[in-house]
Structure formats: structure tokens, C-alpha cells
Amino acid sequence: MISVENLKVEFAATPLFHDVSYVINDKDRIALVGKNGAGKSTMLKIIAGIQQPTSGTVSVSNDMTIGYLPQVMVLSDERTVIEETEQAFSHIGEMQERLQRMNNELAERTDYESDEYMKLVEKFTHETERFQMMGGMNYQAEMERTLQGLGFSRSDFNRPTSEFSGGWRMRIELAKLLLRCPEVLLLDEPTNHLDIESIQWLENFLATKANAVVLVSHDRAFINNVTNRTLEISCGRVFDYKVKYDDYVRLRAERREQQLRAYENQQKEIADIKDFIERFRYKPTKAVQVQSRIKQLEKIVPIEVDEVDNSFLRLKFPPSLRSGDFPLICDALRKDYGEHTVFKDVTFTIKRGEKVAFVGKNGEGKSTLVKCIMNEIPFEGGLKLGHNVQIGYFAQNQAQLLNEDLTVFETIDYVAKGDVRLKIRDILGAFMFGGEASDKKVKVLSGGERSRLAMIKLLLEPVNFLILDEPTNHLDMRSKDVLKEAIKDFDGTVVVVSHDREFLDGLVTKVYEFGGGQVKEHLGGIYDFLQKKKIDSLQELQKGTSTSLSLSGEVQTERTVSQNRLTYEQQKERQKKLRKLEKAVEQCEAQIGELEAAVKILETQMATPEGAADMTLYERHTSLKKQLSTVEQEWEEHLMALEEEQNTQI
């Protein structure tokens, strides 16, 4: 499909990579990995044709369609969400015309046995299948399904894109890209602004619908669940591993050991040659041998060894005061914005030393509750911080509070105490501020670099209650490992707002789920929570889904396509109908209970001498019995309809 040959890229005469050759095949799902600055995003731009290499070629098959999602993009502010998404189908008319031309040509030609005719048939078949995959003219349902999968609600569809944050606008662009169904998808950090549910939806989409994928991501669980091949950019070259990321990590460690052994052997050989040259340089009888050794030394190609991985670096929070037994108590907490209720009746207690996660779709109130804890916004109800609580808070805006006149090193040197000061360079290197980067002024750092610097600063401050709002968005895997180990060793209390399952796994022991204006507590780790949610979902759907997905995103079972197979919209409508019928049955049962109680009271009164003479009691009794009979009939009808609907979904 795509062939990369002898690729070389230089910036200011400094080679980024050279002699790079590989092929992207049909159905390849490739993780492009390497340290920050190795050239991953540059590689994607070159494949997409946006950037030209210094030398080398990228050969793309005829009629190949490539979709590219950059980290930063610009969307029009003149359209609504649905109108912007519809731009993905602007080429539907062109495809129809192309198919019609090919169909006419097939009808006119008579050379049925020729190679050219067969090639035209294959091309027509391929284009027709692609047209059908894109939904043809019936694309509206697919478009709405994709937007909802990425976290949008129907009420968002007609809102202007200008009302949404950069993260949500990135989702719109991702939806457009997926709906175009390109034959090769190039994705640069697609999960940075997605919540857990949207990431799992995207995993499923890429695993079941995408053709070839090349992606850059620091979300280890995501790339493990999606990819089956790993391309590593290291030491200016590309190393091709035909395995997913976890297997690549193991194989890479083995390769690095081989590199080290080869490097050490080469260094010994070089030292021996230099020693011989120095010993016999001025002896005429050894002149020939010395010259031979000099030529031998010149021919040696130095063996490069991958940069040493500093993920083993362990950071330890400085000691702080012991907090009370209950650092945070929420009692009937409520937050409204005008008529919109973000959450209500939030009641829970976090004990000292607990590490918990706040999860849920974006916009459900996770960051809002954090702001309530920090007393940044007003709220209703009770919220109490425990005795001696010292909060260390990380949010995206923390980066804006850094002193812009200091260098990176000075910023950390200012807060570092004791022995930690001896390891500042190592700490900065672990968070991608190695070498000259540590001497940069804060004012010239990008938003991501400032976030990383703010994170390091927080790690060195004495606190006993950590609140981290999306701490991993701008960290690579090595940095996340350092941060995760530091938090695991932290003996205080931690609240993490994150969508990164791999980061949360083994870190938190309790999950608070935000959704529908409520906050629900789930005991156990993040994968316990996700597994429970999956089971709940299957029970709710009464086994009506046509496909059951594992947490890895791989299809485990799939029903045969039949007339009974439900589309997403049909499933949604049936669930709506089920809930409506269940509510109607419950309301009837409640009415029956009330009417029966009222009838019993009247009959008790009618049994007395006074009541027997009161004709109004008999009239009320007759009226209530009639109402009871009517409600019982309605209850039977609703119950039969409910049972019938449930049977059709099993």
C-alpha cells in the first residue's frame, strides 16, 4: 500500500533519521514509538504528504486515500457540530459520479476476458464497497452514531462549534476523519482529549472497521488494544517489530542488551588497537603494523546504543504533616449552573491514604467537583476538609502560574530540598527536559512543556493530599512510569481525574463514577470497574447487542447477520421503549396499591353501624372499585407489552 524507501530528514543540517525503509501493508495497525523529539509526528506528516523529506521516497498506491489527524488543528466557527461533521461527506457526489462512469464503461465494453476489463471490475467492486461502507446517501445515522460514540449528545448537534473547547473540537475532526473511511489512518495522539468510554469506542472502531492504521500515542493500553505492529524510531533509524507494544518492550530490552554487549566488545577492540598504535608508533620495525591498525581503526563503524531509559528513577515526596483520618467528607453536595444541575446529593468520605479515581464522560462534573474541593467555585451542601490537610493540586491552568523569567532548572532548584537537589538533572531528564532543554526560559516553553514542569514542581512540594486533574496528557510513557511510581510510594491521600486506564491500573483502589448528575462509588481498581460496567451494560441490553467486546477491544462473539440484528439506533429506541414500559408498570402497581388501601379503609368504615347508613361511602366505594379495575387492566396490558418487548431483545 505505502512504501517508504531510504528516507532521510534533516533540520539545520542535523539528521533526525536516515536510511529509513519499511512498508505499510493492508490491515496493518502500527504503533509509531520513540522518545519525544525522535521524529514521530514528522514521520506521520511525511506519509500524509504534508512535509517533504530531505531525501528518499514515499510511494503510495494509485487511488489510495489517507486520513491524517494532527495534534493541533483549526476548525471553522461558522458551522454547527452536525454541519461541520457533514463536511466528511462532501465527496459523496464525486464518488457517485465516478461509480456511474465506471458502470457505464462496463456496460459499453465487450472485452470481458481481457485483463483491463477484470481490473476495471475489481476497481468498481472496491469503490462500491467503500461507498457502501461510508453509508452512501444514507450516512446520517452513521454520522450521528459516530458523534455519540465520541461523547456528543443529540442536544450538541446543532450547537456552533465555537462553543466547544479545543478537546471537543478535536473530536469533531476525528469524527470527520473516521467517517471518510480512508484506507490508511494516521493518528497523532488521538486519545488526549477523550474519556474512557470514548477511548473504548475508538478502540472498537479501529479494531473492527479501520483498514490500515499508523498511530502515535502515549496511552499504553490503547496502543496495546489497537495495534499489532510496532515501529520504533531510535538512534536516527527505524526498527520494525511485528508485535504489539508490550511484546515490543520485551524484545527491545533484549536488543538493547545485545547492543550493549556489542558496544562493550567494540570499545575493548578500539582500546586494544589504540594501545598498540601508541606503543609502537615510533618503532620503525612496526611501522607497517601500525599503519594497518590505523586503517583498521578508521574503518570501524561506531555501534550506537539506545538512550538509557530513566524510568527506574524513583521520586519520593518530601515528608509532610500527617492529616486527619478523613481528609475529605462530602455530604449532599450539589452544584448548579443556572438551570443545569451538574451533580446533586453527592455523599462520600475519602479516608487517609486512599487513592481514588474520578471517571466519567467529559462534562459530567469531575473537574467541577475538584474545583469545589479547592473552594474555587461556590456550591451547595456540605464539603469538609480534614485536620492538617495540605493539598497539592495539579490542573492544566497550574502551568500558567509558573514564573516565566526563570529557567526550567531554576524553577525546580527553587523548590527542591535536601538530597533531591543532587538529582535535579535526572528528574528533568525523566520528564523530557534533558540536556539543553533544562536551560530554557519558562516563557518560551509550549503548553505541554509547562504542564510537565508544573508536575515536577508539585512532586517536590510537601503535601499530604494530592489532587491531579488529567496529569498524563503531556507525558510520555517513561514520564508516566516515574509519576505513577512516585504516587504509589506516596503515603498520603490521592484523587486522580484521568482517562488513562494503564496509569490508573494498580494505582487506585476505589473509583467514583460521574454521570447523570450522580456520583457512584465502586470498590476495586479501574479494570474491576470497567468489567462491572460491561456486565451491567449487557444486563441492561437484555443480551440484545449483536457483538460482545472484551476490554482489549477485540471481538469475542458476533451473531450472524440477520433480520433480527439491531442497529445502534434500534437498540437505543428499544431501550427507551423498555424503560417507558417498566415505568408504566411501576406506576400502575403503585396506583393499585393506593386504590386497594383506600378500598379497604372504606370497607372497614362501611362495616360499622354509622357507615352502613352513609350512602356517600357506597358511592365512593363503587367509584374506587371502578378505578381499580381500570388500572388493573392497564397494568396487565403494560406487563404483556413489556414481556413481549423483552422477549424480542433476547
If I ask for residues that are open to solvent by 50 Å² or more (accessible area, probe 1.4 Å) and part of a helix (DSSP H, G or I), which ones from segment 37-67 would you list? Lys45
Look through segment 482-509, keep the residues that are more than 18 Å from Lys316 (Cβ to Cβ) and either in a strand (DSSP E or B) or β-branched (Val, Ile, Thr) (or both), and return whichever of them is farthest from the chain's Cα centre (by Cα). Thr509
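Every residue, every condition in (1) surrounded by 19 or more Cβ atoms within 10 Å (Cβ to Cβ); (2) assigned to a strand (DSSP E or B); (3) in contact (Cβ under 8 Å) with a residue 60 or more places away in the chain; (4) not β-branched (Val, Ile, Thr), yes or no:
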{"position": "Glu142", "(1), (2), (3), (4)": "yes, no, no, yes"}
{"position": "Leu147", "(1), (2), (3), (4)": "yes, no, yes, yes"}
{"position": "Phe152", "(1), (2), (3), (4)": "yes, no, yes, yes"}
{"position": "Asn158", "(1), (2), (3), (4)": "no, no, yes, yes"}
{"position": "Ser162", "(1), (2), (3), (4)": "no, no, yes, yes"}
{"position": "Arg169", "(1), (2), (3), (4)": "yes, no, yes, yes"}
{"position": "Ile172", "(1), (2), (3), (4)": "yes, no, yes, no"}
{"position": "Lys176", "(1), (2), (3), (4)": "yes, no, yes, yes"}
{"position": "Leu186", "(1), (2), (3), (4)": "yes, yes, yes, yes"}
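Check Pro327, Pro319 and return the single one that is crowded, with 18+ Cβ neighbours inside 10 Å and either more than 25 Å from Asp505 (Cα to Cα) or modelled with pLDDT of 90 or more (or both). Give the steps one after another, and end with the answer.
Numbers: Pro319 fails: crowded, with 18+ Cβ neighbours inside 10 Å.
Answer to the check: Pro327.
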Matching option when the condition is in contact (Cβ under 8 Å) with a residue 40 or more places away in the chain and on the phi > 0 side of the Ramachandran plot, among Gly392, Gly381: Gly381
Give all pairs with beta carbons closer than 8 Å in which a residue from segment 406-427 that is outside any helix (DSSP H, G or I) meets a residue that is open to solvent by less than 10 Å² (accessible area, probe 1.4 Å); count only pairs at least 6 apart in sequence or on separate chains. Leu406/Val442; Thr407/Ser438; Thr407/Val442; Ala416/Ile424
Selection from segment 1-15 of residues surrounded by 17 or more Cβ atoms within 10 Å (Cβ to Cβ) and modelled with pLDDT under 85 yields Met1
Any hit, segment 572-593, residues being assigned to a loop (DSSP other than H, G, I, E, B), surrounded by 15 or more Cβ atoms within 10 Å (Cβ to Cβ) and at pLDDT 50 or above: no
Take Ile270 and decide whether it is free of Cβ contacts under 8 Å to residues at least 60 places away in the same chain, of a type in the set (A, V, I, L, M, F, W, C) and either open to solvent by less than 40 Å² (accessible area, probe 1.4 Å) or under 14 Å from Gly34 (Cα atoms) (or both). yes
Conditions (1) buried (at least 18 other Cβ atoms within 10 Å of the Cβ); (2) of a type in the set (Lys, Arg); (3) modelled with pLDDT under 85: number failed by Lys423: (1)
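Conditions (1) under 16 Å from the mean Cα position of the chain (by Cα); (2) charged (D, E, K, R); (3) over 27 Å from Ala31 (Cβ atoms), marked per residue:
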position	(1), (2), (3)
Glu108	no, yes, yes
Glu113	no, yes, yes
Phe131	no, no, yes
Met143	no, no, yes
Gly149	yes, no, no
Trp168	yes, no, no
Leu178	yes, no, no
Glu183	no, yes, no
Asp195	yes, yes, no
Of the numbered conditions (1) closer than 27 Å to Gly149 by Cβ; (2) assigned to a strand (DSSP E or B); (3) hydroxyl-bearing (Ser, Thr, Tyr); (4) open to solvent by less than 40 Å² (accessible area, probe 1.4 Å), Thr341 satisfies every one except a single condition; which is it? (4)
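The values are calculated or read from the model by the stated rules, or taken from the named source; none is laboratory data. Everything numeric in this text was worked out from a predicted model, so none of it was measured. Cβ: placed from backbone, ideal geometry, glycine included. Neighbour counts: every protein chain shown. For the accessible areas, the whole protein counts, side chains as well, though only heavy atoms, and no ligand, DNA or RNA atoms are used. Shrake-Rupley method; radii C 1.70, N 1.55, O 1.52, S 1.80 Å.
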